[in-house]
Amino acid sequence: MKKIGTMTRRGFIKVAGVTCGYAVFGFNVTRKACAAAMEFVGIRQQSVYAADRKVYAIRKSQDNPMIKKLYAKDGFLHEGPCGHESHHLLHTHYHDRSADLKALRDKGVQLTL
Amino acid sequence: MSGCSAKHPAAAPAYLSGLEPPATGQRVEMEGVEYKIAAPRGIDPASIFFVQVDKDKCQGCGECESHCPTGAIQEMYPDGQRGVVDPAACVNCGQCLANCPYGAIHEEVSYVGEIFEKLRDPDTIVVSMPAPAVRYGLGECFGMPTGTYVGGKMHAALRRLGFGLVWDNEWTADVTIMEEGTELLERVKHGEKPLPQFTSCCPGWVKFAETFYPDLNAHLSTCKSPIGMLGPLAKTYGAEQSGISGKKLYTVSIMPCVAKKFEGLRPEMDASGYRDIDATINTRELAWMIKQAGIDFASLPEEDPDPALGMSTGAATIFGTSGGVMEAALRLAYEVLSGNTLADPDIKVVRTHEGIRTADIPVPNFGTVKVAVVSGLKNAAKLCDEVRAGKSPYHFIEVMTCPGGCVNGGGQPLEPDMRQSSIFRSTIAKINRRFTQRRVG
């Protein structure tokens, strides 16, 4: 009988077959599991767009009466968006946190980014 | 329903008299996740952990690592157990926690004890500020199908819990569009600040940008997030509207998120003259509070928020999903740039399930608005590198840390099926790992 390495031809086919079977099975189950995991996010996302269409009578921020009231001529933010009071209350500045990161890397900590 | 008067009952709700709020330091399991009761105040949030691994529960499978955008969670012990290495590297997204098949990752901060104390205090008016995405996840904690919209029941539950003012973070999502949309138009027209403009609603992304791409800070919208806006507006404009001094208001941010706990503690968040945000909890903690109060959630009526700082639009509710902030902003930008009314508010081309999406939006009387939408920070880093290289063609880029957006936030109810499927994947990973170790060893 013809040998491949120290294995019989029949034995090789058997091992290869079983290996392939498990590989395909494993791959499919994993893929299905990943798909299921992402699916629930998709369902929640669809629910958001359905509510946007069906639950909310007004669909643009600028048409919200309580937004119009806030920015009205006699309103709390009467200068309009990005005015002085807006800048004081609603806008911010950002920090440079790279020094903390550098300190960490200097200690020898490896990150993926 | 008027927005101008606090409808808090004269006496606190009956359930509170029989309730023993959890004490500081206690560990409480809420909706399958363990929380340490702790209500930090006046500290630098960059110095504390918001999530951490329980070494004894960790099986070393490494599932968390595959969800961590920075590599902050890594092998720290000889037997392969993981840990969050340092607060500086962690963006607090909580995706590790949401995807751990063994429930080995807990939250380090929970204000629920303090909130119950404040609800009981007759001199304090507790204000609710729930985020858009909370109402698409909360129902799942009460046996409803995935994604069920429970906005009306959520408002009803907040009133029954004893929140004196039921304001809604969706209202400030609309304010955010007005501010951030106007800022974008200024950048496009006047060019004083650089393009592209990045969104700044997502606290995981903002900390990530500040840490890994601080040279791009000028590209971040200067707008606070919707909750960053509702905190100070509640204690100034809201105080004026309700006739209650800002000093008596205790503002509770209710989020689908872990990183919002970091944002609420940022030292600069005191524009109102008080702490703008007194406490931050997430969807799981709200569900736990509703259950503690013995409220039958499913049978609650649908109620509206108090309108003055509560009324909202479809543009606000879509903030909770990847592509939503972009679509909401375009509904404004289109009308301002073109001078025309946008007949169909659906801008489906920016709706994004996973990864990066780019689009050219033709706007009459202006030209083309070029936009990109991305969820997942590894994807965002690609767009940041483009901006850094001066090769980014976009006007506006929306970034969300969690894949799919806030509806999949680290503070949302866990998906039970996902935990099971992850156990399978982790088992395979574990076997592979043992196998490799043996060969190497």
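The values are calculated or read from the model by the stated rules, or taken from the named source; none is laboratory data. Owing to the predicted nature of the structure, the values given are computational and were not obtained by experimental measurement. Note that each Cβ is placed from the backbone with ideal geometry, even for glycine, and that neighbours are counted across all protein chains shown. Areas reflect the complete protein model, heavy atoms only, side chains present, ligands, DNA and RNA absent. Shrake-Rupley method; radii C 1.70, N 1.55, O 1.52, S 1.80 Å.
Quick check: net charge around residue B:118, other residues with Cβ under 11 Å of its Cβ, Lys/Arg +1 and Asp/Glu -1? Charge balance in the 11 Å sphere: -3.
Given N residues in region B:48-126, what is Rg(Cα) / (2.2 N^0.38 Å)? All intermediate terms of the calculation are to be shown ahead of the outcome.
Numbers: Rg = 15.8 Å, N = 79, 2.2 N^0.38 = 11.6 Å.
For region B:48-126, the normalised Cα radius of gyration is 1.37.
Tally Lys and Arg at +1 and Asp and Glu at -1 over the other residues with C-beta under 11 Å from the C-beta of residue B:137: what net charge comes out? Taking every Cβ under 11 Å from that of residue B:137, the sum is 0. What whole-number value in cubic angstrom gives the convex hull volume per residue for the C-alpha atoms of region B:283-422? With only Cα atoms used, region B:283-422 gives 169 Å³ per residue. Report the accessible surface area buried between chains B and A, summing both sides, using a 1.4 Å probe on protein heavy atoms only, in Å² rounded to the nearest 100. Approximately 6500 Å², summed over both chains. Per residue, the solvent-accessible area of region A:59-106 (1.4 Å probe, heavy atoms of protein chains only, all protein chains present) comes to 54 Å². When the residues A:76, B:116, A:12, A:25 are ordered by accessible surface, computed with a 1.4 Å probe over the protein chains alone, the sequence from largest down reads A:25, A:12, A:76, B:116. From the residues A:95, B:17, B:374, which one has its Cα farthest along the dipole of the protein assembly as shown in the positive direction, the dipole being from +1 and -1 charges on Cβ of Lys/Arg and Asp/Glu about the Cα centre? Final value for the positive-end residue is B:374. Treating only the Cα positions of region A:59-106 as identical point scatterers, give the base-10 log of I(q)/I(0) from the Debye formula at each q in 0.23 Å⁻¹. Relative scattering, expressed as log10 I(q)/I(0), comes to -0.84.
So what is the 222 nm mean residue ellipticity for chain B from helices alone, if each DSSP H run of at least 4 adds -39500 (n - 2.57) and you divide by all residues, rounding to the nearest 500 deg cm²/dmol? Spell out each step's value before the answer.
Values: 14 runs with 147 residues, N = 441.
Using -39500 (n - 2.57) per qualifying helix, the result is -10000 deg cm²/dmol.
Surface exposure of region B:1-143, expressed per residue as accessible area with a 1.4 Å probe, stands at 38 Å². Over chain B, the fraction of Cα-Cα pairs per 10 Å bin, rounded to whole percents and listed from the shortest bin up, is 4, 21, 31, 26, 13, 4, 1, 0. All Cα-Cα distances of region B:16-158, cut into 10 Å bins from zero to the largest, leave 10, 30, 36, 19, 4, 0 percent in each bin in turn. Note on region B:154-269: Lys pairs 8 or more places apart or on different chains, Cα atoms under 24 Å apart, count 19. Within the assembled protein chains, the solvent-accessible surface assigned to residue B:395 is about 40 Å², based on a 1.4 Å probe.
Where does each of A:10, B:331 land when they are ordered by accessible area, with a 1.4 Å probe and the largest first? Each step should come with its number before you reach the end.
On the way: A:10 190, B:331 0 Å².
Largest accessible area first, the list is A:10, B:331.
Of all aspartates and glutamates in the structure, those lying under 18 Å Cα to Cα from residue B:391, and not within fewer than 8 positions of it along the same chain, are B:215, B:360. Distance between the modelled labels on residue B:193 and residue A:79, one decimal in nanometres: 1.4 nm (7 Å Cα→Cβ projection).
Could I get the Rg over Rh figure for the protein assembly as shown? Both from C-alpha atoms, Rh via Kirkwood, rounded to two places.
Values: Rg = 24.4 Å, Rh = 24.4 Å.
On the Cα set of the protein assembly as shown, Rg over Rh gives 1.00.
Mean projected area of the convex hull spanned by the Cα atoms of region B:175-327, taken over all viewing directions: 11.0 nm².
Under 5 Å from the amide H of residue B:355 lie the amide H atoms of B:375, B:404, each residue being 5 or more positions distant or on a separate chain, with H modelled from the backbone and absent for Pro and chain starts.
Please get the size of the charge dipole for region B:70-157, origin at its Cα centre, with Cβ charges of +1 on Lys and Arg and -1 on Asp and Glu, quoted in debye to the nearest 20.
Values: 5 positive and 10 negative charges, 90 e Å.
Value, rounded to 20: 440 debye.
Remark: accessible surface ordering of B:171, B:288 (largest first) is B:288, B:171, probe radius 1.4 Å. Solvent-accessible surface, computed for protein heavy atoms with a probe of 1.4 Å, shrinks by 20 Å² or more for the following residues of region B:135-171 when the other protein chains are added to the isolated chain: B:136, B:146, B:147, B:149, B:171.
Around the Cα centre of chain B, unit charges on the Cβ atoms of Lys, Arg, Asp and Glu (plus for the first two, minus for the last two) sum to a dipole of about 980 debye.
For region A:93-113, heavy-atom accessible area (probe 1.4 Å) falls by no less than 40 Å² from the chain alone to the full protein assembly at A:94, A:95, A:97, A:101, A:104, A:111, A:112, A:113.
Counting heavy atoms of the protein chains alone, residue A:6 has an accessible area of about 140 Å² for a 1.4 Å probe.
The mean sequence separation of alpha-carbon pairs under 8 Å and at least six residues apart, normalised by the residue count of chain B, gives a relative contact order of 21 percent.
If a helix is a whole DSSP H run, which ones in chain B reach 20 Å or further along their own axis (Cα) and hold a mean Kyte-Doolittle hydropathy of at least 1.0? Membrane-span-like by this criterion, though nothing is claimed about a membrane: none. Remark: spin-label model distance residue B:378-residue B:356 equals 1.4 nm, labels positioned 7 Å along the Cα→Cβ axis. Net charge in the neighbourhood of residue A:17 (other residues with Cβ under 14 Å of its Cβ; Lys, Arg +1, Asp, Glu -1) is +3.
Full extension of the chain between residue B:344 and residue B:26 yields a length gain of 109.3 nm, computed as 0.36 nm times the residue separation minus the alpha carbon distance. Only protein chains counted, 1.4 angstrom probe. Which residues of region B:73-89 are at least 40 Å² less accessible in the assembly than when their chain is isolated? Buried-area filter returns B:88.
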